[in-house]
Structure formats: structure tokens, C-alpha cells
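S.K.: Okay, handing you the structure first.
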Amino acid sequence: MSKIELTHVTKRWGGYYAVDDLSMVIEDNAFVTLLGPSGCGKTTTLRMIAGLETPTEGRITIDGVPVFDSELGINVPPNKRRVGFLFQNYALWPNMTVYKNIAFGLSNINDSGAHVNEKGEVCRDETGKAPARKLTKEEIDRAVKRVSDIVKIGMFMDRYPSELSGGQQQRVAIARTLAPGPKVLFMDEPLSNLDAKLRLEMRSELQRLHLETGSTFVYVTHDQMEAMTLASRICLIDNGVLQQYEEPMMVYNRPNNLFVADFVGNPAVNLMEARGEGNGDQWKLKLLDNYEATFTRVGDMKDLSPLPVPDRKVAKENKDTLFQYTIHRVSDEGVDKDYQPDDNDFVLGIRPEFLSICEDGPIEGEVFSAMPTGMETTVRVRVGNYLLTAVVFGGVIYKLGQKVRLNFKGENVMLFGRKDGRMICAGTLKV
Ligand code: ATP
């Protein structure tokens, strides 16, 4: 049972902030994915929780016990944090059989009161009163059998790693990590070496594993599909700063800002600039050059209270700049960066599945490209100089240049302030 709490955790090298004032709680038995673009600070965060990297400031507790506290001078070494790791390069020992690879870590356990119960689970005396001893051969055997059953590699015990497929090797690596009964399992892009089909299979295995082991999983990935499908909560980071920490569907449908909206979702969200006024319930907006539309709020307003300003002792070299969103156009003319938006400037975000191609739609366009995959078809439609992406279920055939009509559907159209890029609320959009 493991709850992890990070309070104002910062890691910097000189003036470079890899992780900037991060506070979050990872609940017991959660499956949290750390997601974000390359270099945003995911691995550093994971390594700090695991004890492989020392934070510059802050406090980390596991199960209420501080494992790091910069003010109190606490820094518990990784091997005393009872956590397991699974990295992208999981390197099995080539000269050992599968059995020995898994058993190796177990033969080194000598925590106080460590023993293996009837089910094959490694247990400890949490009071620390029981004497330390090595596990017996029979205990190790029980523990190896348990984890190899979980990842279904029982039939390969006598093989060497070179005699296994990539996916099977991956499962051995998982079994090896699970065997000592870690309270928390840290995984850093563990599936990135696998082909697409195997990745999908292993994803579903990991989900099952999470349920069966009852451990807390913290998983680093830059693959948003992986983060969406696996996580109970996604922690999305940009430039060392936490952008959103919520359930995948909230991150998808109620992103905190334009960066989150754009990062999550494939094909990416359609962004359109709009101008107009609103009263908190309704906004009259002008968009796509000459369409007038009414945006009506559905659900609550997003919390627009000022964002906390971190108390930095050292100036941040990697400054936080406003995310530069992209409006897709046919001509080269992009977003005018010199334009100074005011409070009447908005950006609307519409997921491709909420843009419908229908006979009576109020917006005129023509098909710019159409990509059927069998199950669905991604259609890019040109409206004036703008390109909007729609996803249609099934393998629908469209001709390039074909005239179509569009409408916005559903209650998940997102309204953002253009000035600060933050989401105001979600709602419906009627042209
Ligand atoms: P990726 O997806 O590419 O692995 P990441 O989000 O895991 O990226 P981190 O490895 O956490 O990124 O690195 C965060 C930032 O800190 C990067 O810009 C990196 O260059 C920087 N960084 C990491 N380690 C060091 C170090 N030892 N010294 C200086 N800067 C470092």
C-alpha cells in the first residue's frame, strides 16, 4: 500500500529548471503516467521519487514517511525505498536462465523479517523488529513461480534471454522487477523497444498486472496514447512545470490550457481563433473569417484564479513562455505573433470527432485530403484558407475537392482565452 506525496519539489542544474516546484499526490494503487514532450522533466521526476536523483528542494514522502526533505536533510537511498524499476533498456543477464534472472534479486533480499508467504508474495516486518535473514531456496522458488505465472512465462524458465522474443524478454524483465514485492513500480518507457502490435499487447498486460499486484505504478511515456489508455491519472508536464494532473478523460475533454489540448489527442484538436464578447453563459463569436456563432457554456467554468508563482531563489534560464499554438491554413500565413490579443480574443478547440460532415451543416468546405484506415477516415476540409480535421467512423470514400458541409456537434467544444491560453469552459457551438 503506497501513497506518494511530492511537495514543492524542484530539480535544477545551475539556472536550468528540469522540474519546477512540483506538488502532487500519487494515491495508493494508482496508475499514474508522467507525460510530456522530450526534455520536459518526466524522467527526472521519476528518478527523484525513486531516489536516483537528489532534488534541489522540496519534500517527498512514501506512505507518509519522508524519503527526501531538503530542509530536514533527509535523503533515503533508493534500495531502502522498496521500489522497483523497469527501464527502456531492461538488460537481462545473458549468461543466466530466465529462472536465475528472476531469482537473482530475491537472493539478495535481507530486509528485516523478509519472508515469502504461501501465495509466493514477498512480505516484510514493517515494524522492523524481526531479524534480517536471507530467503530460503524454497521461498525464492515460490516467489519466482508466482511472478512468472502473472506474466505467463512459466514455460521458458530454462531458456536464456537470447532464446526469447522481445516481448517475452520484456515479460521476464517485468517478472524480475515484481519478484521482490515492490510497493511502487517505476517504469520509464518500458515498451518503447517493442513493435506496435506487441506494445498494444503489453499495454493490456500491464493493466492486468496493475490490478493483480495492487502496487502503485508510476509510468513515464511521451506517447500520449499509452498515457491515455493506461493511466488512472495523467501528470502532464511542460518545461519542468506541471500543466495538468487529472483522469485521462478530463485531460482530453477539459484541458487546462492550449498546450494540454494540443498535446493530447490524435489527430490533434482543431484550433480556431475567434473574437467577440460573452457574459459567462454565452459568447457571440466571429470565426473562420466570416462565420458568426454562439458558444453556450455547458458545465462549470474552469478555475481561472491566478496561477501560483513559485518562490525561486535562482532565476529560471529556461523561461516559461506562452505555448505557440498552430492554426492550420492552406497558405503560409500562420499565427500573427506580433498581434497583441485582448480580452475579446478567444481560441476555440474542437476535437476532430466533434466536427461532423453532414448535408445540412452551416459551414461550406471542400475535401483537402481523406485518409481511410478501415475503421475510421480522417478528412481534412478546407474552409476558406483554413484546414479543419474531421474523423468519420468507417471507411468512407471522399474525392479530393468534393464540396462538403460541416457542423460542430456535442458539448465538448472548448473555449480558451487567447491572451493567456487558459481554458475558460466547455460548451456547444452553433453557427
Ligand atoms: P525524454 O522524453 O527525452 O526522456 P524527459 O522528459 O524524461 O525527456 P528529463 O530526462 O527528465 O526529460 O530531462 C529534463 C531536462 O533536464 C532536459 O532538458 C535535460 O537536458 C536536463 N538534464 C537532465 N539531466 C541533466 C544533467 N545531469 N545535467 C544537466 N541537465 C540535465
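The values are calculated or read from the model by the stated rules, or taken from the named source; none is laboratory data. These numbers were taken from a predicted model, which means no experiment stands behind them. A quick note on method: Cβ atoms are made from the backbone with ideal geometry, for glycine too, and the neighbour counts reach across all protein chains shown. We work out accessible area using only protein heavy atoms, side chains counted, and drop any ligands, DNA or RNA first. Shrake-Rupley method; radii C 1.70, N 1.55, O 1.52, S 1.80 Å.
S.K.: Show me the trypsin sites (Lys or Arg not before Pro) within the stretch 101-210 that DSSP assigns to loop and that have at most 14 other Cβ atoms within 10 Å of their Cβ.
M.R.: Passing both the DSSP loop test and the Cβ count: Lys119, Lys129, Arg133, Lys134, Lys152.
S.K.: Further question on the same structure: Among Phe68, Ser107, Ala50, which residue has its Cα positioned farthest towards the positive end of the charge dipole of the stretch 41-115, with +1 placed on the Cβ of Lys and Arg, -1 on the Cβ of Asp and Glu, and the dipole taken about the Cα centre?
M.R.: Looking along the dipole axis, the top candidate is Ser107.
S.K.: Under 8 Å for C-alpha pairs, at least 6 residues apart: give me the relative contact order for the stretch 268-430, rounded to a whole percent.
M.R.: Once divided by the residue count of the stretch 268-430, the mean separation gives 28 percent.
S.K.: Tell me, what is the per residue accessible area of the stretch 268-430 in Å², probe radius 1.4 Å?
M.R.: Roughly 56 Å² per residue, with all protein chains present.
S.K.: Considering only protein heavy atoms and a probe of 1.4 Å, how much of the accessible area of the stretch 275-334 is carbon and sulfur, as a whole percent? Write out the running numbers ahead of the final one.
M.R.: Values: 2180 of 4390 Å².
Result for the stretch 275-334: 50 percent of the exposed heavy-atom area is carbon or sulfur.
S.K.: If a/c stays under 1.5 just call it rounded; otherwise compare a/b with b/c (prolate if a/b is bigger, oblate if not). Do that for the stretch 268-430, with a ≥ b ≥ c from the square roots of the Cα gyration tensor eigenvalues.
M.R.: prolate
S.K.: Hand me the trypsin sites (Lys or Arg not before Pro) from the stretch 293-364 located in a DSSP loop with no more than 13 other Cβ atoms within 10 Å, in residue order please.
M.R.: Values: sites: Arg297, Lys302, Arg312, Lys313, Lys316, Lys319, Arg329, Lys337; in loops: Lys302, Arg312, Lys313, Lys316, Lys319, Lys337.
Here the trypsin sites (Lys or Arg not before Pro) that fit, given the DSSP loop and packing criteria, are Lys313, Lys319, Lys337.
S.K.: Sticking with this one: Please name whichever of Leu355, Phe416, Gly384 sits farthest to the positive end of the charge dipole of the stretch 344-418, dipole taken about the Cα centre and charges placed at Cβ: Lys and Arg +1, Asp and Glu -1.
M.R.: Value: Gly384.
S.K.: So which aspartates and glutamates pass the test for Lys286, namely a Cα distance under 13 Å, with those fewer than 8 places away in the same chain ruled out?
M.R.: Glu273, Glu277, Asp345
S.K.: Taking 2.2 N^0.38 Å as the expected size of a compact globular protein, what ratio does the Cα radius of gyration of the chain give against it, to two decimals?
M.R.: 1.15
S.K.: Here is a further query. Can you classify the stretch 369-431 as rounded, prolate or oblate using the Cα gyration tensor, where a ≥ b ≥ c are the square roots of its eigenvalues, rounded means a/c under 1.5, and otherwise it's prolate if a/b beats b/c and oblate if not?
M.R.: Verdict is prolate for the stretch 369-431.
S.K.: In addition: How would the stretch 295-357 be classified by its alpha-carbon gyration tensor: rounded, prolate or oblate, with rounded meaning a/c under 1.5 and the a/b versus b/c comparison settling the rest?
M.R.: Taking the square roots of the gyration eigenvalues as a ≥ b ≥ c, the stretch 295-357 is oblate.
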